[in-house]
Structure formats: structure tokens, C-alpha cells
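The values are calculated or read from the model by the stated rules, or taken from the named source; none is laboratory data. Predicted model, so just to flag it, every value in this text is computed and none were measured. Cβ: placed from backbone, ideal geometry, glycine included. Neighbour counts: every protein chain shown.
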Amino acid sequence: MADYMGVNSNVAAYDNKYLSDLSKCVKWIREYHNWAQYEAANNFYKWDNITTQPQGYTWPEHTDYMNECHRLGLNVLIDVLDKPDWAGSSPIPNNTGTGANASDYLERLEFLGQLVARYGSKTIATSLLETADKATGLNLIKYYEDDNEPDYTWKTPLWTAANYAKYCNAAHDGFGVQTDVDHPLLGIKSVDPDAKHVMAGLASKDTTYVNKVLTSSGGRVPFDVLNVHWYCSDMTNAYSPENEKYGYEVAFRNFFKWRNRVLPNIPIWMTEFGWDTWMATNSQHSYTYAPALQQANYIMRSYLVLLKLGFGKAFLFMDTDVDSKNILQYSASGLLADKTSKYTKKVSFYYLSTMQNVLGKAEFSKVVAFKEPAGTSEVYCFEFNNPANSDKIYALWTRKTDSKTDDGTKSTYHLNPGYKAAYAYSILPADKDMDGDTIKYSTANQTIDLNLTETPQFVVIAGENTHSILQPSGKMQLDIYPNPAKSEVQISLSIPEKQRVNVSAYSIEGKLVKTLADGLIDEGRHRYSFGKGMLPGTYLVKVNNSSEKVVRKVILLN
């Protein structure tokens, strides 16, 4: 699941130091990469911390941002959008002509080419690089999105599907354009064949626009990933993700049928969804409004419903509020409040952190129940497997059938894993707590009786002849991830009661290299980092108390 859940973000997350917080909720970000910020003057690229033209300062230091994402284990989809004044005023990213020819987009295509040369996996000849530091082959980014919502209807001129197809094909691999001395690199896959091109996210669930793009492409498929946006709304009010009229299933049923028929091997990503949380004192709100608790519930349930429908990745919009007290749509849709509010964490932040903690390493297995009737309500149950220990993890919730929004509905559910488990417990998301609350169950019988609410809960059930690293056992529980790691691992240590504990790292020869904790440690889960500044190699992390010793091997790759 860690490779599936994402959030929209930008360089502000690095500047304002909340990128680490985001990494606790998701392991993917879709970066809004504003062309106007990074090439404010033609051929002066501000990805490094050297270039000052034309403003006289180096911000934004984008490579530092990408390196920090890498350190935190965050994968990045870069979405290039908007354009600088020197390239023209049209919302279409052409710098000349009407956008009807691929060559009309030469400057944007060059920007993409230089971007891929820098962050892609291939080392490009220095003579072809226009950046000041000539950095290339950094191997930090694999996925590039060519724009955002080309099928817009609220700006002029419109970007017709035929014209977008010209750009999309050229962005894909330089098709229809020719490099020259002033434009030595054009497009994405022409620079790095291993890169993946994500089509600009479509604002509509209708397939008309993308069908016309394909028709205008003359048999080519000029992208590797289809991409859509959806907000569960009737443009006046917002609804739950399962809503029978405005939810995801009814919205994208035909889109998936079309994809399966026309482009069966192309994945579909959902790169924008979400709900605002601000209501003014006069009860006015945006058309994507949901109270904070509902927003938290809807976000978790969206990731699960979209997974069931077949989406390859899903990205929440947005990481933080733009303006926490503004009724304009998408102003208050963050996991964190705005800068004025000091990026205060919302309920949704804690709920999503818990979901990531429980399901991050898990693999989706199957849907056990989807809209299963339970009186006037319905039940949802998704099964996951933990490959580390064979535990089964179930995500379950309920809602009232045909309801527009959550209303406090509850249901009982009898979960039968098909065998008598050694242990079972639920993790319930809770505000101000990234680990949630734990409820243990008796496993005297094969069936486990659950009380479901509109907030998804996660039931961990022992696999046959296994022991869970998450199970509250009365002993210390140590989890280290990722392992092996490129540069740094995260250490999660659960302590059943307050006690004196030593957490230290040793070389493989047994030499102490770092003490992470030594003294009285409170009950609960504690986190440490290890590896930054260390040489590549194998290390041992040892945890000791008065009666127990736990040792884990750690491998640092570079």
C-alpha cells in the first residue's frame, strides 16, 4: 500500500519543514512543478542552488528538495504546469503559434528534456545540458506528468484534444519535433527511455477527450499512464466516496470499461481527490466541503474504494490548506492547516498516519465485502496480507445505504478469517495519535464479532503458525524499515510498559557506532533514525532491557 497512497505537494513542504510529516502519511507525492518558477528567464533553470537569474536569488533549491524526499522514502511524480511570462500569456503551454503544431511547444518540450536529463536515470552529455551545474543522471525521478487538466472548460482559449495530442506526442518522446543547437533535448522518453510519461490529469470522467487524443495520434499511444481527477460533488455540495450518484464507482465505471477495451495495458491513476473542511459562520462553504471528521473518514475510504476499482495510485489534494478560512473550493482540503495556522495537524493527518502505519507494508489481497447489506446500512471489508509475517489485515467500515454524507451509522459484523487465529486485535484511528487505539479480541471461536462505524478500523489477525510484529504481546516489538536502505532506516520500537531501555547500533564487528536511546522510556511506540552520515555496510541494531534483548541486522547501501 505504501506504493499506492500519495498526496499533492510542492516545494513549500521543504521550505516550511513539514515534508517529514507528510512522509508519515504517504510514500508518494505529486509535485506541482511550476514552469514559471523554475525557468523564470529563458534557459536559466533554477533547480540548483547556483542560478539567481532573473530575480537575484536562488530559490527554489529544487534538488535539495528532491534529495530530502529521497531521504524520507518519498517517491515523486513531477507535474509540470503553468508557464512563465516570457513564453506567452495563453493557458496553453505553447510559446509560438496557436498550439496546433508540435513545434509550437518547443520551449516547454525543452524544459521537460532538461528536467529529465537532470533527475532521470541516464547520464547525458554535458554539451547538451543547459543547467548551470550540469548535473545529470541523478536517478531521483521516474514519473513525469506533462501538464494539468488540458480538458479545462473555464479558461480561454480551450486546449482542443487534437492540439493537446500534438503536444502530448512530442512530450512523450520528441515525436514531431527536431532538436537543434538551441534546443538540444526535447521531451521525456527521448532523454530517458526508462522514464514513465503520465498523461496530464483530466478534469472530466468522460472518455471523449482522451479518445480524441488517441484518434489524433495516428495509432500511437503517447503516454504510459492515464490520469484523472474527481471530487465527489454536484458542484453545490460534497458527498461520500461511496455515494450512489457522485461517488467513484458510478463516476468511473464506464471509464474503466473503455480502458479495458481500448488500452488494456495502461494503468489509471487518480491524482486529485479531496474535501475542504472550512464552513463560514453564515454556513457558507465550498462545493467540496465536509466536516473535519468526515474528511478524515472519506480520505481513508477513498484510498480503499479507488484501490478496489483498479486505480494504480491515488493522490489526495492537498498536503496543506491554501487558506484554512476560505470557502473557495480546494482552499481548505489539506491534512495540515495553512501557514497562518502554523500547519496544525487535522484529524485526517492522524487517521492517515495510522493507516500508513498499519497498511504501509501490506499487500492487497481481495475485497471480502463491498456494499454488503446490513439492515439499512452496508458493510465494506478489504483483506490485506503482511508479507513479513503472514498476518491478515482487514480494513472495515459501514455507511447508511443511499446516504449523501456520514450520519453516525453503526453496524455489527462477524469476521471469519477461515481458521481459528492465535490472536486478533483492532487498531482504531484516533485524533492526536498516529498509532490509533488497540482493542484485543478473544480468539476462542473462529468468528470475531466487530462493531463498525464510518471510520475504517484495521483488524490484525494472526496468520497460521505466525507471530505478528505489531501484536501487543507484553514484550518489546522492534520494526526497521526500509531495510536494506539507500542511506537511512527508520526504527519503530514498542514498549509494553515504562522501563529502562538501551537502543544502540553496532558495526558488524561489534563496535558501538551510535547510541539512540539509553534510560527510562515510557510505554508506547517510539521512533528513531539511523544511517545518516554512516558508511555503506551491515550494522546491528540492539535493544536491551533488564530481561530481554532484541537484535536486527541493518544494511545501508550508500
Inspect all residues belonging to the range 10-20 and state whether any of them is in contact with a Gly (Cβ under 8 Å, 6 or more places away or on another chain), β-branched (V, I, T) and part of a loop (DSSP other than H, G, I, E, B).
no
Which listed residue is out of contact with any Phe, Trp or Tyr (no Cβ under 7 Å at 6 or more places or on another chain), in a strand (DSSP E or B) and crowded, with 16+ Cβ neighbours inside 10 Å, from S529, S494
S494
I'm trying to understand the selection: among the residues of the range 415-440, which are modelled with pLDDT of 95 or more and either over 21 Å from S353 (Cα atoms) or part of a loop (DSSP other than H, G, I, E, B) (or both)?
L415, D431, K432
Which condition from (1) at pLDDT below 80; (2) more than 15 Å from K542 (Cβ to Cβ) is the one that E509 breaks?
(2)
Residue within the range 124-133 that is among the β-branched types (V, I, T), assigned to a helix (DSSP H, G or I) and at pLDDT 95 or above present:
yes
Scan (1) of a type in the set (G, A, S); (2) over 28 Å from the mean Cα position of the chain (by Cα); (3) loosely packed, with under 15 Cβ neighbours inside 10 Å for the single condition S103 breaks and write down its number.
(3)
Condition test on Y38, is it surrounded by fewer than 22 Cβ atoms within 10 Å (Cβ to Cβ), under 19 Å from the mean Cα position of the chain (by Cα) and modelled with pLDDT of 95 or more?
no
Spot the failing condition for D402; the list is (1) assigned to a strand (DSSP E or B); (2) at pLDDT 95 or above; (3) at positive phi, and only one is missed.
(1)
In the range 406-431, how many are surrounded by fewer than 19 Cβ atoms within 10 Å (Cβ to Cβ), out of contact with any Lys or Arg (no Cβ under 8 Å at 6 or more places or on another chain) and not small (G, A, S)?
8
Filtered residues of the range 535-546 (kept if under 21 Å from L478 (Cα atoms), assigned to a loop (DSSP other than H, G, I, E, B) and not hydroxyl-bearing (S, T, Y))
N545
I'm told L140 meets every condition in (1) free of Cβ contacts under 8 Å to residues at least 60 places away in the same chain; (2) closer than 26 Å to L74 by Cβ; (3) surrounded by fewer than 20 Cβ atoms within 10 Å (Cβ to Cβ) except one. Can you identify the failing condition by its number?
(1)
So if I check each of G88, G73, G99, G176, which one is of a type outside the set (K, R), on the phi > 0 side of the Ramachandran plot and without any contact (Cβ under 8 Å) to a residue 60 or more places away in the chain?
G88
I need the full set of residues from the range 180-201 which are without any contact (Cβ under 8 Å) to a residue 60 or more places away in the chain and of a type in the set (V, I, T), in order please.
V181
Residues K371, K440, K392, K400: which one is in contact with an Asp or Glu (Cβ under 8 Å, 6 or more places away or on another chain), over 28 Å from W275 (Cα atoms) and either outside the structural domain of V347 (by TED's automatic domain parsing) or surrounded by 15 or more Cβ atoms within 10 Å (Cβ to Cβ) (or both)?
K392
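Rundown of residues vs (1) more than 29 Å from the chain's Cα centre (by Cα); (2) within 19 Å of E242 (Cα to Cα), yes/no style:
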residue: L352; (1), (2): no, yes
residue: L359; (1), (2): no, no
residue: V368; (1), (2): no, yes
residue: K371; (1), (2): no, yes
residue: V379; (1), (2): no, yes
residue: N445; (1), (2): yes, no
Scanning the range 21-42 residue by residue, the ones that are in contact with a Gly (Cβ under 7 Å, 6 or more places away or on another chain), closer than 20 Å to D321 by Cβ and not basic (K, R) total 3
Return the only residue of L19, L74 being crowded, with 22+ Cβ neighbours inside 10 Å, modelled with pLDDT of 95 or more and either in the same structural domain as P93 (by TED's automatic domain parsing) or out of contact with any Phe, Trp or Tyr (no Cβ under 6 Å at 6 or more places or on another chain) (or both).
L74
Do we find that C25 is of a type outside the set (A, V, I, L, M), within 22 Å of the chain's Cα centre (by Cα) and assigned to a helix (DSSP H, G or I) in this structure?
no
Quick count over the range 317-331, residues being surrounded by 21 or more Cβ atoms within 10 Å (Cβ to Cβ) and among the charged types (D, E, K, R), is 2
Step by step: first the residues of the range 182-228, then only those that are hydroxyl-bearing (S, T, Y) and either in a loop (DSSP other than H, G, I, E, B) or within 30 Å of S283 (Cα to Cα) (or both), then the one that is farthest from the chain's Cα centre (by Cα). Which residue is that?
S217
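Every residue in the range 415-427 that is farther than 25 Å from Y351 by Cβ and either within 32 Å of the chain's Cα centre (by Cα) or acidic (D, E) (or both), please.
N416, the sole residue that qualifies.
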Condition check for Y231: surrounded by fewer than 20 Cβ atoms within 10 Å (Cβ to Cβ), in contact (Cβ under 8 Å) with a residue 40 or more places away in the chain, of a type in the set (F, W, Y) and assigned to a loop (DSSP other than H, G, I, E, B)
no
Kindly establish whether S390 is closer than 30 Å to G310 by Cβ, assigned to a strand (DSSP E or B) and of a type in the set (G, A, S).
no
So A162 fits all but one of (1) among the aliphatic types (A, V, I, L, M); (2) surrounded by fewer than 21 Cβ atoms within 10 Å (Cβ to Cβ); (3) within 29 Å of the chain's Cα centre (by Cα); what number is the exception?
(3)
Within the range 293-350, restricting attention to residues that are among the hydroxyl-bearing types (S, T, Y) and assigned to a loop (DSSP other than H, G, I, E, B), which residue is nearest to the chain's Cα centre (by Cα)?
S333
